[in-house]
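The values are calculated or read from the model by the stated rules, or taken from the named source; none is laboratory data. The structure presented is a predicted model; accordingly, all values stated were derived computationally and were not measured. With ideal geometry, Cβ positions are generated from the backbone for all residues, glycine too; neighbour counts draw on all protein chains shown.
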């Protein structure tokens, strides 16, 4: 039986990463980037949780979220988000007739997943979350997130600030495109 990692609910900022099942490029395959934007909007509208920075890659998401109040359940918030996003991705894959991918996602289910009524595995079970307590670590993670689209095997844009599914456009070019980050001058 696996144990869940508990996260410090006293931190107001978290760097979070979650990955599509087997690193499949599900966001790219069904143009599902907007599903993550809808989740960000839901978090803001329902819980006043704000997005500080993000990059949505073809097969994973990096974001920094601001939690305005203590006493939140990070596992529940991210798990529910992954479930919400996965439903829409699976629906779109079906509409596009991508049956081979859907079969792969179905074969990834465990007995426990099936018992819970899950029909496909959209994301890896775990996610990475690191609390951010100081400005240096915040800036390091913002840079990592924004440069991810042009590092290693990724060449998703000529210049990192031009990648359309990233908040880098705001930070470098002051282009909002609907994104309004939260600034944290109180971090030392």
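Data table
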{"read-out": "Only one of 63, 35 that is out of contact with any strand residue (DSSP E or B) (no Cβ under 8 Å at 6 or more places or on another chain) and modelled with pLDDT of 95 or more", "value": "35"}
{"read-out": "Residue that is surrounded by the fewest Cβ atoms within 10 Å (Cβ to Cβ), among those in the stretch 68-89 that are in contact with a helix residue (DSSP H, G or I) (Cβ under 8 Å, 6 or more places away or on another chain) and closer than 16 Å to residue 131 by Cα", "value": "72"}
{"read-out": "Neighbours by Cβ (under 7 Å, 6+ apart or cross-chain): first from the stretch 77-92, farther than 11 Å from residue 35 by Cβ; second in a helix (DSSP H, G or I) and at pLDDT below 95", "value": "none"}
{"read-out": "Selection count, the stretch 93-118, where residues are surrounded by fewer than 16 Cβ atoms within 10 Å (Cβ to Cβ) and under 21 Å from residue 38 (Cβ atoms)", "value": "3"}
{"read-out": "Subset of the stretch 159-176 (residues that are modelled with pLDDT of 60 or more and not in a helix (DSSP H, G or I))", "value": "159, 163, 164, 165, 166, 167, 174, 175"}
{"read-out": "Unmet requirement for residue 153, which otherwise passes all of (1) surrounded by 15 or more Cβ atoms within 10 Å (Cβ to Cβ); (2) modelled with pLDDT under 95; (3) out of contact with any helix residue (DSSP H, G or I) (no Cβ under 9 Å at 6 or more places or on another chain)", "value": "(1)"}
{"read-out": "Tally of residues being crowded, with 19+ Cβ neighbours inside 10 Å and either under 10 Å from the mean Cα position of the chain (by Cα) or under 21 Å from residue 154 (Cα atoms) (or both) across the stretch 36-64", "value": "13"}
{"read-out": "Given (1) out of contact with any helix residue (DSSP H, G or I) (no Cβ under 8 Å at 6 or more places or on another chain); (2) under 17 Å from residue 128 (Cα atoms), index of the condition residue 63 fails", "value": "(1)"}
{"read-out": "Residue match in the stretch 123-136 (condition: at pLDDT below 95, buried (at least 17 other Cβ atoms within 10 Å of the Cβ), part of a strand (DSSP E or B) and under 14 Å from the mean Cα position of the chain (by Cα))", "value": "no"}
{"read-out": "Test result for residue 6, modelled with pLDDT under 95, under 23 Å from residue 133 (Cβ atoms) and in contact with a helix residue (DSSP H, G or I) (Cβ under 6 Å, 6 or more places away or on another chain)", "value": "no"}
{"read-out": "Scope the stretch 8-31; condition in contact (Cβ under 8 Å) with a residue 60 or more places away in the chain and out of contact with any strand residue (DSSP E or B) (no Cβ under 9 Å at 6 or more places or on another chain); matching residues", "value": "9, 22, 24, 29, 30, 31"}
